[in-house]
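> Here it is, the structure in full.
The values are calculated or read from the model by the stated rules, or taken from the named source; none is laboratory data. What you see is a predicted model, and the numbers here were worked out from it, not measured in a lab. Protein only, heavy atoms only, side chains kept; ligands, DNA and RNA dropped before computing areas. Shrake-Rupley method; radii C 1.70, N 1.55, O 1.52, S 1.80 Å.
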Amino acid sequence: MSAAPLVGYSSSGSEDEAEAGTQARPGAGGRPRGQKLPVPDSVLHMFPSTEEGPEDDSAKHGGRVRTFPHERGNWATHVYLPYDAREEFVDLLDTLLFHAQTYVPRLVRMEAFHLSLSQSVVLRHHWIHPFVQALKDRMASCQRFCFTANRVKIYTNQEKTRTFVGLEVTSGHTQFLDLVSEVDRVMEEFDLATFYQDPSFHISLAWCVGDAQLQLEGPCLRELQEIVDEFEDSEMLLRMHAEQVRCKSGNKFFLMPLK
(Lines give C-alpha, C1' and ligand atoms only; values in the text may rest on other atoms or scores of the structure.)
Protein backbone atom coordinates (compact mmCIF):
# COMPACT_ATOMS: atom_id res chain seq x y z
CA MET A 1 0.00 0.00 0.00
CA SER A 2 1.37 3.37 -0.92
CA ALA A 3 1.01 6.30 1.39
CA ALA A 4 -1.89 8.60 0.64
CA PRO A 5 -1.19 12.31 0.09
CA LEU A 6 -2.04 14.61 2.95
CA VAL A 7 -3.66 17.98 2.60
CA GLY A 8 -0.74 20.35 2.11
CA TYR A 9 -1.52 22.95 4.73
CA SER A 10 1.33 25.16 5.87
CA SER A 11 3.14 24.30 9.07
CA SER A 12 3.08 27.83 10.41
CA GLY A 13 0.75 30.77 9.85
CA SER A 14 1.45 34.34 8.89
CA GLU A 15 1.29 37.21 11.29
CA ASP A 16 -0.64 40.43 10.93
CA GLU A 17 1.62 42.96 9.33
CA ALA A 18 1.39 46.75 9.38
CA GLU A 19 3.63 49.47 8.12
CA ALA A 20 4.74 52.18 10.51
CA GLY A 21 6.11 55.46 9.25
CA THR A 22 7.77 58.32 11.10
CA GLN A 23 7.76 61.94 10.07
CA ALA A 24 11.00 63.85 10.28
CA ARG A 25 10.95 66.80 12.62
CA PRO A 26 13.39 69.71 12.52
CA GLY A 27 15.95 69.29 15.26
CA ALA A 28 17.39 71.83 17.64
CA GLY A 29 20.58 73.64 16.94
CA GLY A 30 19.91 74.46 13.31
CA ARG A 31 19.40 70.88 12.05
CA PRO A 32 18.19 71.14 8.40
CA ARG A 33 14.45 70.74 7.95
CA GLY A 34 13.47 67.22 6.79
CA GLN A 35 16.63 65.55 8.13
CA LYS A 36 15.74 62.53 10.26
CA LEU A 37 16.94 62.37 13.82
CA PRO A 38 18.95 59.26 14.68
CA VAL A 39 16.90 56.70 16.62
CA PRO A 40 18.63 55.15 19.63
CA ASP A 41 19.30 51.43 19.41
CA SER A 42 17.30 50.86 22.59
CA VAL A 43 14.21 52.24 20.86
CA LEU A 44 14.80 50.39 17.60
CA HIS A 45 14.96 47.07 19.43
CA MET A 46 11.53 47.70 20.95
CA PHE A 47 9.86 47.49 17.53
CA PRO A 48 11.00 44.59 15.31
CA SER A 49 11.08 45.49 11.65
CA THR A 50 8.02 44.61 9.57
CA GLU A 51 9.83 45.09 6.28
CA GLU A 52 10.79 41.42 6.10
CA GLY A 53 8.74 38.28 6.66
CA PRO A 54 9.43 35.93 9.58
CA GLU A 55 12.59 33.89 9.32
CA ASP A 56 11.95 30.38 8.01
CA ASP A 57 13.88 28.59 10.73
CA SER A 58 12.67 24.99 10.59
CA ALA A 59 14.35 24.26 13.92
CA LYS A 60 11.71 26.46 15.57
CA HIS A 61 8.91 24.30 14.12
CA GLY A 62 10.15 20.79 14.88
CA GLY A 63 11.96 20.55 11.56
CA ARG A 64 8.91 21.43 9.46
CA VAL A 65 9.45 23.39 6.27
CA ARG A 66 6.93 25.86 4.86
CA THR A 67 4.84 24.51 1.99
CA PHE A 68 5.27 27.91 0.32
CA PRO A 69 7.61 30.80 1.18
CA HIS A 70 6.35 33.58 3.41
CA GLU A 71 5.70 36.83 1.63
CA ARG A 72 4.66 40.01 3.30
CA GLY A 73 0.87 40.39 3.32
CA ASN A 74 0.24 36.73 2.44
CA TRP A 75 -1.72 34.63 4.93
CA ALA A 76 -1.67 30.83 4.92
CA THR A 77 -5.33 29.78 5.02
CA HIS A 78 -6.89 26.40 5.74
CA VAL A 79 -10.52 25.21 6.13
CA TYR A 80 -11.18 22.20 8.34
CA LEU A 81 -13.52 20.40 10.69
CA PRO A 82 -12.12 20.39 14.25
CA TYR A 83 -12.17 17.40 16.58
CA ASP A 84 -12.01 17.93 20.33
CA ALA A 85 -10.38 14.77 21.66
CA ARG A 86 -11.94 12.96 24.60
CA GLU A 87 -9.76 11.47 27.33
CA GLU A 88 -10.33 7.95 25.99
CA PHE A 89 -9.25 9.07 22.52
CA VAL A 90 -5.99 10.40 23.95
CA ASP A 91 -5.46 7.05 25.72
CA LEU A 92 -5.88 5.25 22.39
CA LEU A 93 -3.54 7.70 20.69
CA ASP A 94 -0.86 7.19 23.35
CA THR A 95 -1.07 3.43 22.87
CA LEU A 96 -0.78 3.76 19.09
CA LEU A 97 2.10 6.22 19.30
CA PHE A 98 4.04 4.06 21.75
CA HIS A 99 3.82 1.12 19.35
CA ALA A 100 4.54 3.16 16.21
CA GLN A 101 7.65 4.62 17.84
CA THR A 102 9.17 1.14 17.98
CA TYR A 103 9.35 1.44 14.17
CA VAL A 104 9.92 5.20 13.83
CA PRO A 105 11.20 6.68 17.13
CA ARG A 106 11.02 10.29 15.87
CA LEU A 107 7.21 10.25 15.63
CA VAL A 108 5.52 12.84 17.84
CA ARG A 109 1.88 13.36 18.78
CA MET A 110 -0.22 16.02 17.07
CA GLU A 111 -1.05 18.96 19.31
CA ALA A 112 -4.59 19.36 17.93
CA PHE A 113 -6.89 17.28 15.76
CA HIS A 114 -8.95 18.10 12.68
CA LEU A 115 -10.15 16.83 9.30
CA SER A 116 -9.15 19.00 6.35
CA LEU A 117 -11.72 20.39 3.94
CA SER A 118 -9.27 22.39 1.84
CA GLN A 119 -5.70 22.55 0.76
CA SER A 120 -3.56 25.23 2.33
CA VAL A 121 -3.92 28.35 0.20
CA VAL A 122 -2.54 31.88 0.32
CA LEU A 123 -4.80 34.88 0.87
CA ARG A 124 -3.86 38.51 0.73
CA HIS A 125 -4.79 40.25 3.97
CA HIS A 126 -7.57 42.35 2.46
CA TRP A 127 -9.29 39.22 1.08
CA ILE A 128 -9.60 37.43 4.43
CA HIS A 129 -12.93 38.86 5.56
CA PRO A 130 -14.67 38.58 2.14
CA PHE A 131 -13.37 35.00 1.91
CA VAL A 132 -14.65 34.10 5.40
CA GLN A 133 -18.01 35.72 4.72
CA ALA A 134 -18.37 33.69 1.53
CA LEU A 135 -17.57 30.55 3.52
CA LYS A 136 -20.16 31.43 6.15
CA ASP A 137 -22.78 31.93 3.47
CA ARG A 138 -21.98 28.51 2.00
CA MET A 139 -21.92 26.73 5.36
CA ALA A 140 -25.20 28.26 6.54
CA SER A 141 -27.27 25.54 4.86
CA CYS A 142 -25.02 22.58 5.74
CA GLN A 143 -26.30 20.05 8.25
CA ARG A 144 -24.53 18.50 11.22
CA PHE A 145 -23.75 14.80 10.87
CA CYS A 146 -22.03 11.83 12.49
CA PHE A 147 -19.05 10.01 11.02
CA THR A 148 -16.67 7.22 11.93
CA ALA A 149 -12.87 7.37 11.62
CA ASN A 150 -11.42 3.99 12.56
CA ARG A 151 -9.07 2.87 9.77
CA VAL A 152 -5.35 3.46 10.42
CA LYS A 153 -3.59 4.86 7.38
CA ILE A 154 -0.19 6.35 6.61
CA TYR A 155 -0.01 9.70 4.82
CA THR A 156 2.68 11.99 3.47
CA ASN A 157 2.49 15.60 2.42
CA GLN A 158 2.89 16.35 -1.28
CA GLU A 159 6.60 17.12 -0.95
CA LYS A 160 7.15 13.96 1.14
CA THR A 161 8.93 16.03 3.76
CA ARG A 162 6.52 14.90 6.49
CA THR A 163 4.80 11.61 7.31
CA PHE A 164 1.61 11.20 9.32
CA VAL A 165 -0.23 8.38 11.06
CA GLY A 166 -3.95 9.00 10.70
CA LEU A 167 -7.42 7.56 11.21
CA GLU A 168 -9.37 7.53 7.95
CA VAL A 169 -13.10 8.22 7.76
CA THR A 170 -15.02 5.02 6.97
CA SER A 171 -18.58 6.36 7.25
CA GLY A 172 -19.82 9.89 6.58
CA HIS A 173 -17.69 10.26 3.46
CA THR A 174 -20.61 11.61 1.41
CA GLN A 175 -21.30 14.37 3.92
CA PHE A 176 -17.65 15.38 3.87
CA LEU A 177 -17.78 15.57 0.08
CA ASP A 178 -20.80 17.86 0.37
CA LEU A 179 -18.85 20.20 2.67
CA VAL A 180 -15.85 20.17 0.35
CA SER A 181 -18.10 21.00 -2.59
CA GLU A 182 -19.23 24.18 -0.82
CA VAL A 183 -15.68 25.09 0.20
CA ASP A 184 -14.47 24.50 -3.36
CA ARG A 185 -17.03 26.96 -4.71
CA VAL A 186 -15.58 29.65 -2.48
CA MET A 187 -12.06 28.72 -3.56
CA GLU A 188 -13.09 29.09 -7.18
CA GLU A 189 -14.60 32.53 -6.49
CA PHE A 190 -11.20 33.67 -5.22
CA ASP A 191 -9.24 31.80 -7.90
CA LEU A 192 -7.65 29.46 -5.34
CA ALA A 193 -6.81 25.76 -5.50
CA THR A 194 -9.72 23.42 -4.82
CA PHE A 195 -9.50 20.18 -2.84
CA TYR A 196 -8.17 16.86 -4.12
CA GLN A 197 -10.28 14.88 -6.60
CA ASP A 198 -10.41 11.69 -4.53
CA PRO A 199 -9.79 12.82 -0.94
CA SER A 200 -9.08 10.55 2.01
CA PHE A 201 -10.69 12.35 4.93
CA HIS A 202 -8.80 11.62 8.11
CA ILE A 203 -7.59 12.76 11.51
CA SER A 204 -3.81 12.95 11.79
CA LEU A 205 -2.61 11.48 15.09
CA ALA A 206 1.18 11.71 14.91
CA TRP A 207 3.82 12.97 12.53
CA CYS A 208 7.53 13.06 11.82
CA VAL A 209 9.91 14.84 9.51
CA GLY A 210 10.82 12.96 6.34
CA ASP A 211 9.29 10.08 4.39
CA ALA A 212 8.77 7.18 6.81
CA GLN A 213 6.07 5.32 4.91
CA LEU A 214 8.20 2.23 4.29
CA GLN A 215 8.84 1.76 8.02
CA LEU A 216 5.22 2.39 9.01
CA GLU A 217 3.36 0.38 6.39
CA GLY A 218 3.28 -3.41 6.37
CA PRO A 219 3.60 -5.07 9.81
CA CYS A 220 3.44 -1.79 11.74
CA LEU A 221 0.23 -0.68 10.02
CA ARG A 222 -1.45 -4.05 10.65
CA GLU A 223 -0.46 -3.97 14.30
CA LEU A 224 -1.75 -0.44 14.74
CA GLN A 225 -5.09 -1.45 13.21
CA GLU A 226 -5.32 -4.37 15.62
CA ILE A 227 -4.80 -1.96 18.54
CA VAL A 228 -7.68 0.19 17.28
CA ASP A 229 -9.99 -2.76 16.68
CA GLU A 230 -9.32 -4.26 20.13
CA PHE A 231 -9.41 -1.00 22.09
CA GLU A 232 -12.24 -0.89 24.62
CA ASP A 233 -15.39 0.75 23.22
CA SER A 234 -13.50 1.84 20.12
CA GLU A 235 -16.64 1.61 17.99
CA MET A 236 -18.39 4.26 20.06
CA LEU A 237 -15.21 6.25 20.73
CA LEU A 238 -14.43 6.69 17.04
CA ARG A 239 -17.97 7.66 16.07
CA MET A 240 -17.73 11.43 16.00
CA HIS A 241 -19.92 14.48 15.45
CA ALA A 242 -19.38 17.16 12.83
CA GLU A 243 -20.86 20.32 14.35
CA GLN A 244 -18.78 23.19 13.02
CA VAL A 245 -16.29 24.22 10.34
CA ARG A 246 -13.34 26.46 11.06
CA CYS A 247 -11.11 28.60 8.92
CA LYS A 248 -7.60 29.46 10.05
CA SER A 249 -5.93 32.35 8.26
CA GLY A 250 -2.56 33.29 9.65
CA ASN A 251 -3.13 33.62 13.39
CA LYS A 252 -6.87 34.25 13.09
CA PHE A 253 -9.62 31.65 13.55
CA PHE A 254 -13.18 31.86 12.22
CA LEU A 255 -16.00 29.58 13.36
CA MET A 256 -18.96 28.46 11.22
CA PRO A 257 -21.52 26.28 13.04
CA LEU A 258 -23.40 23.67 11.05
CA LYS A 259 -27.20 23.55 11.27
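> Taking all protein chains together and a probe of 1.4 Å, list D184, D91, D229 from the most accessible to the least accessible.
D229, D91, D184
> Considering every Cα-Cα pair within region 74-257, what fraction, in whole percent, is farther apart than 24 Å? Spell out each step's value before the answer.
Details: 6831 of 16836 pairs.
Counting pairs separated by more than 24 Å, the tail of P(r) holds 41 percent.
> Kirkwood hydrodynamic radius, computed over distinct alpha-carbon pairs, for region 174-259: how many Å, to one decimal?
Mean inverse Cα-Cα distance, inverted, gives 16.5 Å.
> Here's something else I'd like to know. Could you report the accessible area of S204 in Å², rounded to 10, computed with a 1.4 Å probe on the protein chains as they sit in the structure?
10 Å²
> Regarding region 168-216, what's the average projected area of the Cα-atom convex hull, expressed in nm²?
Across all orientations, region 168-216 yields a mean hull projection of 5.0 nm².
> How much length is gained on full extension from L255 to T170, taking 0.36 nm per residue of separation minus their Cα-Cα distance?
Between L255 and T170, full extension yields 28.1 nm more.
> Enter the accessible area of R124 (Å², nearest 10), with the probe set to 1.4 Å and all protein chains included.
About 110 Å², ignoring ligands and nucleic acids.
> Quick check: residue separation of Q225 and Q244 times 0.36 nm, minus the Cα distance between them. What number comes out in nm?
Numbers: separation 19, 0.36 × 19 = 6.84 nm, distance 2.82 nm.
Length gained between Q225 and Q244: 4.0 nm.
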